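Each remark here refers to the structure printed beneath this line.
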Amino acid sequence: MGIPEKIKRIEEEMKKTQINKATEHHVGLLKAKLAKLRSEQDERREQGTGSGSSIGYDIKKSMDATVVLIGLPNVGKSTLLNKLTKSKSKVGGYQFTTLTVVPGVMKYKGASIQILDLPGIIEGASKGKGLGKRVLSVARSADMILFLLDVSQPEVLPVLVKEIRGIGIRPNERPPNVIIEKTNGGGISVHSHVKLTKISIELVKDILNVYNINSARVDLREDISDEQLLDVLLGNRIYCHTLTVLNKIDTVDQSFIKRLKSKLDYDFIPISSDVNINLLELKESIYQKLNFIRIYMRPKGGEPDFAEPMIVKYNSTVSDICGKIHRNLKENFRYAQIWGKSAKFGGQKVGLTHVLMDEDILTFTSN
């Protein structure tokens, strides 16, 4: 029996199994087997993919951050890209206008943010329908996903979330606080720092056995589900922030938007890319969500360059700045001087591990 047949058999068994306290262990094991088979299937597909099969979808990550636009066909992604970036993505009032990934660059508060307009996603994309898996794979290298919905279809967000979860992206989540250390013997020992309500220690051990791990130390530092444990075991999950945008609000009245805000269980930014409503608010939200800080470089004996700050992520270190300026800078690094919020006093000498804060001023001294 091949992998597709095994996957189908497990999926059918899961559909027939009523989930309750008595069956949750069995269902957890089925999930583990299914996840392992799907991972093996993906690996085989990648090995069998020709070198030219991803033309149009192999986009180099660049600029200070990358944001991808994901939505159903014909929700206005190309128009929004054009308005945010001055790009010239083809626009049309029919489905599947965009057939490749179209990049643009949004300039805002000194940051250069690459925005990628992906072809419209359809249900089943994460399983390969309509080249969807290839398209969605671009999102795995993004710093943020922007879900764009038509204001008349706000209920489709779970469909889009399901599709990106299907390719291993975990929106608005953080990696589970779990450590699995393989050992040479002694079986599997599980230590939990918290009360477990979502998974049993027995299920943890059995899931590890599915992945051929028979001896290990498992340290659970939070209450996790069986699916989170599988994410840790697979090791290829991507965790990123998202924003949800409802487009075409010029076609409805304000009372409709108010009703949606009270009815929907998620936050959204209402915009109209056609008539430029709330686009500045959207730019600011993108900037804030990306957690940028601005660093002003000051040459020795000179003045800080306040006109062009260096844009880096929150919690960046002096070492990260070195890497952005020149790959050899760290090799010749002696110390840096800091003025600003992260400094104890103006001109403080710091090393490579010093964590920077927004609007710090930085001077390097090299050998």
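Values in this text are rule-based calculations from the coordinates and carry no lab data. Computed from a prediction, not measured in an experiment: that's the story for all the values here. Here the Cβ is made from the backbone with ideal geometry for all residues, glycine too, and neighbour counts use every protein chain on show.
Numbers at a glance
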quantity: 222 nm mean residue ellipticity, helices alone, for the chain (DSSP H n ≥ 4; -39,500 (n - 2.57); rounded to 500); calculated: -9000 deg cm²/dmol
quantity: Gain in span if fully extended, T17 to R221, counting 0.36 nm per residue against the direct Cα distance; calculated: 70.4 nm
quantity: Separation in nanometres of the label points that stand 7 Å from Cα toward Cβ, at N291 and R334; calculated: 3.4
quantity: Order by protection proxy (mean Cβ within 10 Å, highest first), peptides 68-80, 260-272; calculated: 68-80, 260-272
quantity: Measure of compaction for the chain (Cα Rg per 2.2 N^0.38 Å); calculated: 1.16
quantity: Volume in Å³ per residue [convex hull over Cα atoms, computed for the range 292-366]; calculated: 78
quantity: Gain on full stretching of the segment that runs from D274 to Q153 - 0.36 nm per residue minus C-alpha separation; calculated: 41.8 nm
quantity: Pair I325, D253: separation of 7 Å Cα→Cβ label points (nm); calculated: 5.9
quantity: Qualifying aspartates and glutamates (Cα of each under 12 Å from Cα of K77; at least 8 residues distant if same chain); calculated: D117, D150, D274
quantity: Average Cα contact separation per residue, the chain, under 8 Å, 6 or more apart, as relative contact order %; calculated: 13
quantity: When each of K263/K289; K6/K162; K83/K107; K162/K258 is checked by Cα-Cα distance, pairs over 18 Å; calculated: K263/K289; K6/K162; K162/K258
quantity: Span from the the range 1-45 Cα centroid across to the the range 147-179 one, whole angstrom; calculated: 21
quantity: Calculated FRET efficiency for the pair V355/D42, C-beta based, R₀ 30 Å, to 0.05; calculated: 0.20
quantity: Beta bridge orientation in the chain: antiparallel %, DSSP, nearest 5; calculated: 50
quantity: Spatially proximal aspartates and glutamates relative to K182 (Cα-Cα < 13 Å; intrachain offsets below 8 disregarded); calculated: D219
quantity: Chain lengthening between E284 and K109 when straightened (0.36 nm per residue, less Cα-Cα); calculated: 62.1 nm
